[in-house]
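What follows is one structure encoded as structure tokens, with my remarks underneath.
The values are calculated or read from the model by the stated rules, or taken from the named source; none is laboratory data. What you are looking at is a predicted structure, and each value in this text was computed from that prediction instead of being measured. FYI the Cβ positions are ideal-geometry reconstructions off the backbone, even for glycines, and counts take in every protein chain you see.
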Amino acid sequence: MTALRTRTPAGVEDTAHAAPGRPVLLATLEAPILEEASRTAVDAAVESGQPLLVVNAVETALTRTMLTFGDTYIPPPAVEESLTAPAELAHSLGVQVERIRLRSPRPVEALIELATEREVGLLVLGADPAAMRKGRYRRSVRKVLDRLSCLVWVP
């Protein structure tokens, strides 16, 4: 943590600590992540020296079976590959990486809540629009842009 000091003619008057950096969040909504989005998120995390959160927000109904037997979700291979590649690249470049799967009946709301809780500095919404229903993609982007105060990158 960096300490900032204010000098006065009488000497050092005040000491304040700078706020720590804010992580970069690379997110998808159960669709493959675009390569350009992966590059943007990894570059931002490396250049800023901040952690990278790689998130897949999945729409799941909370049923008794799911609550009893736990997580039975298996991501499609294309989605898993698109999540693994940027995480491994960032990790190899010395960035702290955390992979998160959000399961919720309202995945966009869960993503917004996570970004708010973690005080994200940049959210890269990297889902491939061609792999999602157009209406769902547009509504998701609109919600994210309306409700978050951090920087948001959208393809």
(request) Give me a count of the residues in region 1-49 that are assigned to a loop (DSSP other than H, G, I, E, B) and modelled with pLDDT under 50. (result) 4
(request) Kindly indicate the residue of region 115-145 that is assigned to a loop (DSSP other than H, G, I, E, B) and under 14 Å from the mean Cα position of the chain (by Cα) and also nearest to Ala78 (Cα to Cα) among those meeting that condition. (result) Gly126
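Based on what the data block shows, is Leu122 in contact with a strand residue (DSSP E or B) (Cβ under 7 Å, 6 or more places away or on another chain), modelled with pLDDT of 95 or more and surrounded by 15 or more Cβ atoms within 10 Å (Cβ to Cβ)? Give the derivation first.
On the way: in contact with a strand residue (DSSP E or B) (Cβ under 7 Å, 6 or more places away or on another chain): yes; modelled with pLDDT of 95 or more: yes; surrounded by 15 or more Cβ atoms within 10 Å (Cβ to Cβ): yes.
When the stated conditions are applied, Leu122 passes them.
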(request) Evaluate the following for Ser82: is it touching a residue at least 40 places away in the same chain (Cβ under 8 Å), within 27 Å of Val46 (Cβ to Cβ), surrounded by 15 or more Cβ atoms within 10 Å (Cβ to Cβ) and of a type in the set (Ser, Thr, Tyr)? (result) yes
